[in-house]
Amino acid sequence: MTVAPARSYDRSDWASAFVNVDEELTDVALTPVRGTVPAELQGTFYRNGPGRLERDGHRVHHPFDGDGMIAAMRFENGRVQLSNRYVRTEGWLAEEKAGRVLYRGVFGSQKPGGRLANAFDLRLKNIANTNVVRLGDQLLALWEAAEPYALDPRTLETRGLSRLDGVLNKGEAFSAHPRFDPGHNGSPCMVTFGVNTGPRSTIRLMEFATEGPEAGQLLHERSDTFSGFAFLHDFAITPNWAIFLQNAIAFNPLPFVLGEKGAAQCLRSKPDGQAKFWLVPRDSGSFAGQPPRIIDAPEGFVFHHLNAWEDCGDVVVESIYYSDFPGIGPDEDFMDVDFDLIPEGLLEQCRIRLDSGEVETTRLSERCCEFAMVNPDREGLDCRYAWMAAAAREQGNDPLQVVKKLDLQTGERVIWDAGPRGFVSEPLMVPDPSTDQEDAGWVLDLVWNGARSASDLVILDACDLSEQAVLELPLAIPHGLHGSWAPQR
């Protein structure tokens, strides 16, 4: 039996990141402490995540319930400037004014006062904390259970709740995980969705223009209804398909209604359930107007997909699979979570044979990973390389401490290690615009530095993960969620 090596990190270093962001900075110059910022990087690295984790001595039960805080690192001629702002959501403003917690959280955070204070309060605060993307002249802070908040891309000032010029209805869900089509069917576009869940779930698939004066305009939309409850955070696209994975999940809302749990804590894997792939034809593709294809999927739970593509009539999807739904119960403290008891995420490839409905699964890596991406210029195509955050150990579940580049054909991997006192977040691959080489470019990552209890911006060469520059931020940003790159305009 092979024994996994011992952990190389100190839990207190990892936990020290869960602090409130108490400062909002504007255009603070960042100077490399090592290396040089590549002059070819011209644009802004946006990143979203929970920034307020405690209010009036009352801490969130799960960091995903923290209010959204946007950090923007603007690159220009080899220089980098940092700004950050909280998203001024309706709930954030109300709690700032009151000086106390007024809302429950989806992942188990409760108002003070116990069960009686929380029972039958079904309001959900839009915390706008999950992703941030540029669409036209707006920067959108996304939280998938409601409409986005629009921000000024330069100043990060909150403009207000956005219904995208009437595309969205009041309170309509809008995914926090859009996909950007580089131009498979003509012009580039943003593909996204909203889902209305219940015993039957409806997916609204939308495509928006991303370039020119039409940027932000709705190009295509369709709605499809499926049997069963849908818990969908992410999806994947090819030129012709939008691919969703309906996890075999059941939702019992009663503990949420009675004030005992958060809504997400009411989710449970169905031992006898059958996961499904829902393949929805894109209206810009060759199968426009056709009904969706529904195909049995492998066991396991998926938050994030790496990529998808089409191959001789098959659809291939690469996803990060967990053996079960990972969650934190009402009596657990996320600061004390036992990583050995949480299933690790493992990268797997599913080849869906549309003619027969069969699915062939291949494990691509045994190392725990999350937040994987391919070169965005090749989204929806067969890619050779992927970049992801991963555990330092080859096997076993740990906090994410390394950036990994994986050759999807040969299995060869390259590692950049932030340990033992550093912890990585979602790595963002920025392609080199001067070449078509798939792995040419840079990887940007916001790293928690436990040695100084603050965050570092790390720039790596995407080809070999050699360190190009490290810039120390005068800010402590908690472990976060998703971000994006917007080229200079």
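The values are calculated or read from the model by the stated rules, or taken from the named source; none is laboratory data. Not measured: the values here are computed from a predicted model. Please note: Cβ atoms are built from the backbone with ideal geometry, for glycine as well, and neighbour counts cover all protein chains shown.
Data for the structure
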| item | result |
| --- | --- |
| Hey, residue 192 surrounded by fewer than 19 Cβ atoms within 10 Å (Cβ to Cβ) and among the β-branched types (Val, Ile, Thr) or not | no |
| Test: residue in the stretch 356-371 that is without any contact (Cβ under 8 Å) to a residue 60 or more places away in the chain, farther than 30 Å from residue 105 by Cα, outside any loop (DSSP other than H, G, I, E, B) and among the polar types (S, T, N, Q) | yes |
| Residue list for the stretch 79-99, restricted to those being over 28 Å from residue 470 (Cβ atoms), in contact with a strand residue (DSSP E or B) (Cβ under 8 Å, 6 or more places away or on another chain) and of a type outside the set (A, V, I, L, M, F, W, C) | 88, 89, 90, 91, 95, 99 |
| Identity of the residue in the stretch 244-276, crowded, with 23+ Cβ neighbours inside 10 Å and under 21 Å from the mean Cα position of the chain (by Cα), that ends up farthest from residue 352 (Cα to Cα) | 262 |
| The stretch 448-489: number of residues that are buried (at least 20 other Cβ atoms within 10 Å of the Cβ), in a strand (DSSP E or B) and β-branched (Val, Ile, Thr) | 2 |
| Exclusive hit being charged (D, E, K, R) and either assigned to a strand (DSSP E or B) or out of contact with any helix residue (DSSP H, G or I) (no Cβ under 6 Å at 6 or more places or on another chain) (or both), set 377, 398 | 377 |
| The stretch 253-289: number of residues that are farther than 23 Å from residue 193 by Cα, outside any loop (DSSP other than H, G, I, E, B) and charged (D, E, K, R) | 1 |
| Candidate set from the stretch 379-398 (those that are among the small types (Gly, Ala, Ser) and within 16 Å of residue 429 (Cα to Cα)); member that is surrounded by the most Cβ atoms within 10 Å (Cβ to Cβ) | 390 |
| Within the stretch 308-352, considering residues that are of a type in the set (D, E, K, R) and in a loop (DSSP other than H, G, I, E, B), the one surrounded by the fewest Cβ atoms within 10 Å (Cβ to Cβ) | 331 |
| Complete set of residues in the stretch 247-301 that are under 17 Å from residue 105 (Cβ atoms) and without any contact (Cβ under 8 Å) to a residue 40 or more places away in the chain | 253, 255, 266 |
| Residue match in the stretch 67-90 (condition: under 23 Å from residue 139 (Cα atoms), touching a Gly at 6+ places or on another chain (Cβ under 8 Å) and part of a loop (DSSP other than H, G, I, E, B)) | yes |
| Residue in the stretch 433-447 that is among the small types (Gly, Ala, Ser), assigned to a strand (DSSP E or B) and on the phi < 0 side of the Ramachandran plot present | no |
| Close pairs from the stretch 124-144: first surrounded by 24 or more Cβ atoms within 10 Å (Cβ to Cβ), partner part of a loop (DSSP other than H, G, I, E, B) and basic (Lys, Arg), Cβ under 9 Å, at least 6 apart | 139/154 |
| The stretch 277-307 - residue that is among the small types (Gly, Ala, Ser) and surrounded by 15 or more Cβ atoms within 10 Å (Cβ to Cβ) and, of those, farthest from residue 382 (Cα to Cα) | 300 |
| Cβ-Cβ under 6 Å pairs, at least 6 apart or on other chains, the stretch 203-231 side under 21 Å from residue 279 (Cβ atoms), far side basic (Lys, Arg) | 205/222; 223/204; 225/200; 227/200 |
| Restricting the stretch 439-460 to residues that are touching a strand residue (DSSP E or B) at 6+ places or on another chain (Cβ under 6 Å) and of a type in the set (D, E, K, R), the residue that is farthest from residue 377 (Cα to Cα) | 456 |
| Residue in the stretch 408-427 that is within 18 Å of the chain's Cα centre (by Cα), under 23 Å from residue 36 (Cβ atoms), at pLDDT 95 or above and not in a loop (DSSP other than H, G, I, E, B) present | no |
| Residue 196, sole failed condition from (1) under 21 Å from the mean Cα position of the chain (by Cα); (2) at pLDDT 95 or above; (3) more than 28 Å from residue 314 (Cβ to Cβ) | (2) |
| Strands (runs of 3 or more DSSP E) wholly inside the stretch 129-243 that include at least 1 residues being of a type in the set (A, V, I, L, M, F, W, C) and within 30 Å of residue 381 (Cβ to Cβ) | 131-135, 138-142, 179-181, 189-196, 200-209, 218-227 |
| Where residue 74 falls short, out of the listed (1) crowded, with 16+ Cβ neighbours inside 10 Å; (2) touching a residue at least 60 places away in the same chain (Cβ under 8 Å); (3) more than 30 Å from residue 259 (Cβ to Cβ) | (2) |
| Residue list for the stretch 18-66, restricted to those being at pLDDT 95 or above, assigned to a strand (DSSP E or B), exposed (fewer than 14 other Cβ atoms within 10 Å of the Cβ) and of a type outside the set (D, E, K, R) | 29, 33 |
| Some residue of the stretch 323-335 being within 22 Å of residue 228 (Cα to Cα), under 22 Å from the mean Cα position of the chain (by Cα), of a type in the set (Gly, Ala, Ser) and modelled with pLDDT under 80 | yes |
